[in-house]
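The values are calculated or read from the model by the stated rules, or taken from the named source; none is laboratory data. The model shown is predicted, which means the values in this text are computed figures rather than measured ones. In this analysis, Cβ positions are derived from the backbone assuming ideal geometry, glycine residues included, and neighbour counts consider all displayed protein chains. Protein only, heavy atoms only, side chains kept; ligands, DNA and RNA dropped before computing areas. Shrake-Rupley method; radii C 1.70, N 1.55, O 1.52, S 1.80 Å.
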Amino acid sequence: EHIEVVPSPNRIKSGAEGVFDERRRRAGERAAQELIEDGMDVGLGTGSTTAWTVAEIGRLLREGELEDVRGVATSLQSHELAKEAAIPLVTLDAVTELDITVDGADQYSENEPTVIKGGGGAHAREKVIDAMADELVITTDEEKATDPLDYPVPVEVMPDAREVVAEWVREAGGEPDLRMAERKDGPVFTANGNLVLDCDFGGLDDAAGTAQELDAIPGVLDHGIFLDMVDAVYLGTGDDVDTIT
Ligand code: 5RP
């Protein structure tokens, strides 16, 4: 069901870089249709699923079904998509509260509820914008529901501290792997000028404990475990969207 990238001639409609998956499209669009109301300040998530949310908010604005929505982007990618969709944007430093954030996830566990994010390296800014929202809604597809979570946890780290942070991650039971650029000609740098260690902990039987350990490591800006933040999940399935609250 996964086809590499961007089926539509229209970049806004198709989302961004990433994997096209009809279930993600369904979940992303449905969240925009059901949740976004006039007067809202909306956090705009990063990734191929929320790209559909952004595009759909843009369509609702264009067609007059919405008139008054402001977005705060979680990344350069969502900023660019929101601009193309003509969603009025507010900078993060101009707001302290949001009505809702619609974001994506790399993995989702129904149990906690907990998500792992940061596959796009935007998790530090995403965590701020997700935490600012009265309501955090995750849009994703059914394949990303797993328990226990076992996606390597993205850890954003100060460049000079990468070796010692990697050592501390090993002491905490993780196997860190410096994220490299696609062309393998150097590491990925985040929008904050930092590096990302993808840290494999195997199954996260105690996600809260691991999150706490990572929180305590000096030199770590933030990690991709999002605990106790999620209010609802829009899970794209074969032919529908399941809503989990
Ligand atoms: C970026 C993220 C994304 O939300 C996550 O990678 C999900 O992306 P997609 O919707 O393409 O599966 O955390 O840092």
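Solvent-accessible surface of segment 68-190, taken per residue with a 1.4 Å probe and all protein chains present: 46 Å². About its Cα centre, segment 104-223 has a charge dipole of approximately 560 debye under the convention of +1 per Lys or Arg Cβ and -1 per Asp or Glu Cβ, with nothing else charged.
Calculate what fraction, in whole %, of the accessible area of the chain sits on carbon and sulfur atoms when a 1.4 Å probe is rolled over the protein chains. Looking at the chain in its full context, I get 46 percent from C and S.
Full extension of the chain between Asp215 and Val128 yields a length gain of 29.9 nm, computed as 0.36 nm times the residue separation minus the alpha carbon distance. Protection proxy ranking of 140-146, 199-205, by the mean of other Cβ atoms within 10 Å over each peptide's residues and highest first, is 140-146, 199-205. Springs between Cα atoms under 10 Å define the GNM used for the chain, and in it the highest mean-square fluctuation of Ile217, Ile57, Ile116 occurs at Ile217. Taking the chain as the reference, fit the longest principal axis to its C-alpha atoms, fit the long axis of helix 50-62 to the helix C-alpha atoms, and give the angle between the two in degrees, 0 to 90, nearest 10. So the helix axis and the longest Cα principal axis differ by about 20 degrees. Evaluated with a Cβ-only charge set (Lys, Arg +1; Asp, Glu -1), segment 102-142 carries a dipole of roughly 280 debye about its Cα centre, given to the nearest 20.
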